[in-house]
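The values are calculated or read from the model by the stated rules, or taken from the named source; none is laboratory data. Small disclaimer: the values here were computed from a predicted structure and weren't measured. Neighbour counts are summed over all protein chains in view; Cβ atoms, including those assigned to glycine, are modelled from backbone coordinates with ideal geometry.
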Amino acid sequence: MKNINGYKPDKIEKKWQDKWVESKIYEVDLKSAKKPFYNLMMFPYPSAEGLHVGNMYAQTGVDIYGRFMRMNEFDVFEPVGLDGFGIHAENFALKIGENPMEYSKITEKNFYKQMHAIGLATDWSKTIETYKPEYYKWTQWLFVELFKKGLAYRKSQLVNYCPSCKTVLADEQVIEAKCERCGADVTKKQLEQWFLHITKYSDKLLNNIENLNWSDKVKTAQKQWIGKSKGLEIVFKVENSTFEIPVWTKYWETIHGVIFLVVAPEYYTKIKDLVPNSIQKDVSNYVNQSLIKTTVERSTEDKDKSGIFTGIYAVNPVNKNKIPVWIADYVMMDVGTGAVMGVPAHDARDFDFAIKYELPIIQVVKYEDEAINRKIENRETSFEGKGILINSGEFTGRQSIGKDKEIMAEVLIKSGIARWQVAYHLRDWLISRQRYWGCPIPMIFCENCKNEAKSWFSENNIVANWDASGWYPEDSLPVVLPYIKNYKPLGTGKSPLSLNKEFVEARCPNCGAVARRETDVSDTFLDSSWYFFRYPSLTEEKYLLNIDITKKWLPVNMYIGGAEHSVLHLLYSRFITMFLHDQKVIEFEEPFTRFYAHGLLIKDGRKMSKSKGNVVIPDEYIKKFGADTLRIYLMFIGPYNQGGDFRDTGIEGMHRFVKRVWTLLTTKVNVSTLTSNTDKSFMYGSINGVTKDLTDLKFNTAIAKIMMFYNHFSSKDGISLEVAEVLLLMLAPFTPHLSEELWQLLHPNQLSFSSIHSQSWPKVQKTFLSEEKIDIAIQVNNKFRDIISIENNMRNNEKEIQKVALAQEKIIKFIGDESIEKVIYIPGKAMNFVTKKSS
RNA sequence: GCCGGGGUGGCGGAAUGGUAUACGCGGUAGUCUCAAAAACUACUGAUUAUAAUGAUCAUAGGGGUUCGAAUCCCCUCCCCGGCACCA
């Protein structure tokens, strides 16, 4: 075969991309597929400048795995889509002064253009954009279903608020007390908002984790986020009052050491009437100052704790001591009961507080280390750890942990002052957003029906913890997001949609009167919490998903995405799946059989970001080197789950390899067949290794093995068609265009188009896997000294190997005149002679 | 502070109890060329110098298990990620 010009990726890549779409080789028949394999990439939320190379990195890995599975005769369904609704897209539109609704069209166009350019084996007839009414109709439907089952509710609560994005946020979107999207300090506000009752599934979400084929890292992150812990709720009675202050604690063994109680500033409204008039002004001043602090200000961990005495006294239920009640902003209202028992001897925060306000300290656990005991006595430190209880009434002398601690809990419970209380870190999912670019929450408020419409709810089978206070679900969906000019967030606690009269005014589904529409939109994470159900069911018009198709294709077999969604998206998706399961729509509780977190691609040792100016745009590299080179380079950088550092010299090296393959296969292929057994065993060994690596998503080592395969055969005068085919088939998932072009050149005059991507993955012939000759490393006193080559069928003949080894010059030299004390043989690998000086 | 993942040449990284440094980048020398680029070939962990099919030392540091440890165990240090005034 002649060298048909040089390697011109720009010529061949577009050609094959079009041909693949035209011949529909990546479209599966969802109904009749025999070996369904749902291979899914977390769909991105790109900004309008398009995808950066990190997105390509993620997507390419998914694609290579999917292509590999397809060649292994699975019916692979690999759809892509665009998560374009939400604050991220809207913030970008705001920045450049465009309307997000108009701008989404440009984003979408760029997105799909780039996705095509990287050469994905995607079913392009099944795409999703979350901001299209035909999609978000079902997001709204899902919300209504949740509402009908009592899992969507409206409640006034202390919520996270981002003053920069001018909207409330879910707990999960607050990272280190800052907004996940913009990084601004988050504050707390008491607001009435829509919540989804994810905590109903706390235990199921926690217990199912054990059996998921996910990485420990993600599993641990979810466990910690759900944060289940068992403790006691202990009731403290307020002196001269019927009021009670319950506290929650895991350290009830220190109850005799409680010197004071501390409650959160938000607690003030509950105890206001108990505060003596003389100090009420000072107390309320302190409370007001605390409430305007951001969460960061309140939670920065420093020694300087502030607080104020309320004038109230409570009674320690075990020893009847009179203890003061303080308000301090180191106590959080949304943790435990919002009230804490102050044990300064055994809690660092309480200790700091007691020192600052000169409160007494009583040690109730005595430690083995006398130095620590002395320090506690001298008010120098607090300490937590196991020891013997002291100053603890009937419990004095008992252990502070273990069985004694359990007994103590039982006693406290029996005496009626405490009860077991399991606490979770997980909160209900706050989904209201006071923004424009999101899915409208499909609810209507009717003043007319307020408190009168319980019958409507029961007729419509709406159960729930719902009191028919005037909120009704829309009766026809979708509620279309209108185009509005002034879409900027208002910062008034309302969405800009609230200024749009046409949108706000609605008919009450119950009485037909003029009613008010909900103007908040929902969190983007609601859009993405169920999209994987929709891809295979896109043609279903009557329901969110098609039951038969879903049965066949879900749960998702392989889900690949960024680890940054360990708690957000993955937890929400699990919740929605559990909900659908409980509605008897689906039979499984978990959406993703396997989740694989790819690593982060960095540049010059740092995370890519616009502010650092080190964002790599893939387009220019595709233009310069072609998509195939970029793909195979990205996968070669390092282990897929660890990410890597993108370097220009690296991609040039991979381009050289791709060009070498091109040259070899366009000039040196002949019709000879492989005769040498060494060559055969090398070939099948390579296939075997690459197959294993691809199965485990070890793309970097798979590529290294393909390179060795090339190096082995390219040094010959010419290569046989058989070898050329194996090389191309192994390369096909990595460099789909190049492989297709060369495959077609090697197979001219075909009656109809037969793509390399429809071929089977090369099979290993096991008889050739074990080489005729194997190498055994020979060690003398653990040091590698020589290597001997023996017939493979001799591998278990230890005596013979020993004989050969001891005949080697080097071995004789190193053993010298010492006597052999021990011989260790590891079959097929190594032999070690341990010697002893002969005296 | 607690939990999870790491630390291997000049660089990205191979190797999961048995030949450390595969594969690639970078570097050095050469071939080709008027020259350069490209391409190709050889060498490339460090030390040593009796210049070789040699020796010694190297997988963050220290200790242990083992005939044998980058790999398993214990302690220390450092980096990345998650959670966190959780009471």
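Could you tell me whether A:VAL780 is closer than 19 Å to A:SER676 by Cβ, modelled with pLDDT of 80 or more and aliphatic (A, V, I, L, M)? No, not satisfied. The sole residue among A:ILE790, A:ILE778 that is among the hydrophobic types (A, V, I, L, M, F, W, C) and within 16 Å of A:PHE833 (Cβ to Cβ) is A:ILE778.
Could you go through the range A:162-184 and let me know if any residue there is farther than 16 Å from A:ARG298 by Cα, assigned to a loop (DSSP other than H, G, I, E, B), under 22 Å from the mean Cα position of the chain (by Cα) and away from RNA strand B (no atom under 13 Å from the Cβ). Within the range A:162-184, one or more residues are farther than 16 Å from A:ARG298 by Cα, assigned to a loop (DSSP other than H, G, I, E, B), under 22 Å from the mean Cα position of the chain (by Cα) and away from RNA strand B (no atom under 13 Å from the Cβ). Screening A:ARG435 on (1) within 16 Å of RNA strand B (Cβ to nearest atom); (2) surrounded by 14 or more Cβ atoms within 10 Å (Cβ to Cβ); (3) at pLDDT 90 or above; (4) among the charged types (D, E, K, R) shows it passes everything except condition (1). Condition check: within 30 Å of A:SER32 (Cβ to Cβ) and either modelled with pLDDT of 90 or more or in a loop (DSSP other than H, G, I, E, B) (or both). Does A:SER125 satisfy that? Taking the combined requirement at face value, the residue satisfies it.
In the range A:551-601, of all residues being of a type in the set (Phe, Trp, Tyr) and not in a strand (DSSP E or B), the one that is farthest from RNA strand B (Cβ to nearest atom) corresponds to A:TRP553. Within this structure, A:MET41 passes the test of being at pLDDT below 95 and more than 20 Å from A:ARG433 (Cα to Cα).
Entry remark, the range A:191-203: residues being touching a residue at least 40 places away in the same chain (Cβ under 8 Å) and either over 18 Å from the mean Cα position of the chain (by Cα) or closer than 20 Å to A:ALA89 by Cβ (or both) number 9 in total. Which ones in the range A:271-297 are assigned to a loop (DSSP other than H, G, I, E, B) and within 16 Å of RNA strand B (Cβ to nearest atom)? If the condition is that a residue be assigned to a loop (DSSP other than H, G, I, E, B) and within 16 Å of RNA strand B (Cβ to nearest atom), then A:LYS293, A:THR294 are the ones that fit. Scanning the range A:201-253 for residues that are more than 11 Å from RNA strand B (Cβ to nearest atom) and in contact with a Leu (Cβ under 8 Å, 6 or more places away or on another chain) yields A:SER202, A:LEU205, A:PHE236, A:VAL238, A:SER241, A:PHE243, A:ILE245. The helices (runs of 4 or more DSSP H) falling completely within the range A:333-422 that include 3 or more residues that are among the aliphatic types (A, V, I, L, M) and away from RNA strand B (no atom under 14 Å from the Cβ) map to A:370-377, A:402-414.
Considering the range A:646-684, the residues that are within 30 Å of A:SER609 (Cα to Cα) and among the small types (Gly, Ala, Ser) include one that is nearest to RNA strand B (Cβ to nearest atom), namely A:GLY653.
For the range A:680-725, which residues satisfy the criterion of being within 22 Å of A:GLU73 (Cα to Cα) and not in a helix (DSSP H, G or I)? Selection gives A:ASP696, A:LEU697, A:LYS698. Once the range A:254-270 is narrowed to residues that are under 16 Å from A:ILE390 (Cβ atoms) and away from RNA strand B (no atom under 12 Å from the Cβ), the residue that is surrounded by the fewest Cβ atoms within 10 Å (Cβ to Cβ) is A:ILE259. When the range A:366-403 is filtered for residues that are touching a residue at least 24 places away in the same chain (Cβ under 8 Å) and either under 45 Å from the mean Cα position of the chain (by Cα) or more than 22 Å from A:THR249 (Cβ to Cβ) (or both), the ones remaining, listed by number, are A:LYS366, A:ILE376, A:ARG379, A:THR381, A:SER382, A:PHE383, A:GLU384, A:LEU389, A:SER400, A:ILE401. Quick check on this structure: which one of A:TYR65, A:TYR26, A:TYR57 is closer than 18 Å to A:LEU728 by Cα and of a type in the set (Ser, Thr, Tyr)? Checking each option against the conditions leaves just A:TYR65. Selection within the range A:504-530: residues that are in contact with a Ser or Thr (Cβ under 7 Å, 6 or more places away or on another chain) and in a helix (DSSP H, G or I). The member of this set that is surrounded by the fewest Cβ atoms within 10 Å (Cβ to Cβ) is A:VAL504. Inclusion of A:GLY626 among residues that are within 12 Å of RNA strand B (Cβ to nearest atom), touching a residue at least 12 places away in the same chain (Cβ under 8 Å) and on the phi > 0 side of the Ramachandran plot is not warranted.
Within the range A:772-800, residues that are free of Cβ contacts under 8 Å to residues at least 40 places away in the same chain and within 15 Å of RNA strand B (Cβ to nearest atom) reach partners that are assigned to a loop (DSSP other than H, G, I, E, B) and hydroxyl-bearing (Ser, Thr, Tyr) with beta carbons closer than 6 Å, at six or more positions or on different chains, in the pairs A:ASN792/A:SER770. Here A:ILE632 fulfils each of the conditions (1) in contact (Cβ under 8 Å) with a residue 40 or more places away in the chain; (2) closer than 24 Å to A:GLU741 by Cβ; (3) within 12 Å of RNA strand B (Cβ to nearest atom); (4) surrounded by fewer than 20 Cβ atoms within 10 Å (Cβ to Cβ) apart from (4).
All of (1) touching a residue at least 40 places away in the same chain (Cβ under 8 Å); (2) within 16 Å of RNA strand B (Cβ to nearest atom); (3) closer than 25 Å to A:ILE431 by Cβ; (4) of a type outside the set (A, V, I, L, M, F, W, C) hold for A:GLY150 with one exception: (2). From the list A:ILE327, A:ILE312, the lone residue that is of a type outside the set (Asp, Glu) and in contact with a Leu (Cβ under 9 Å, 6 or more places away or on another chain) is A:ILE312.
Against the conditions (1) at pLDDT below 90; (2) in a loop (DSSP other than H, G, I, E, B); (3) buried (at least 17 other Cβ atoms within 10 Å of the Cβ), A:PHE457 satisfies every one except (2). On the stretch given as the range A:94-122, residues that are in a loop (DSSP other than H, G, I, E, B) and under 30 Å from A:ILE12 (Cβ atoms) total 5. Within the range A:185-200, if we keep just the residues that are outside any helix (DSSP H, G or I), within 16 Å of RNA strand B (Cβ to nearest atom) and crowded, with 20+ Cβ neighbours inside 10 Å, the residue that is modelled with the highest pLDDT turns out to be A:VAL186.
Matching residues to (1) within 26 Å of the chain's Cα centre (by Cα); (2) at pLDDT below 95; (3) surrounded by fewer than 14 Cβ atoms within 10 Å (Cβ to Cβ); (4) among the aliphatic types (A, V, I, L, M):
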position	(1), (2), (3), (4)
A:ASN3	no, yes, yes, no
A:ILE12	no, yes, no, yes
A:GLU27	no, yes, no, no
A:LEU30	no, yes, no, yes
A:PHE37	yes, no, no, no
A:SER47	yes, yes, no, no
A:TYR57	yes, yes, no, no
A:MET69	yes, no, no, yes
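Within the range A:8-60, being in contact (Cβ under 8 Å) with a residue 24 or more places away in the chain and among the hydroxyl-bearing types (Ser, Thr, Tyr) holds for A:SER23, A:TYR26, A:TYR38, A:TYR45, A:SER47, A:TYR57, A:THR60.
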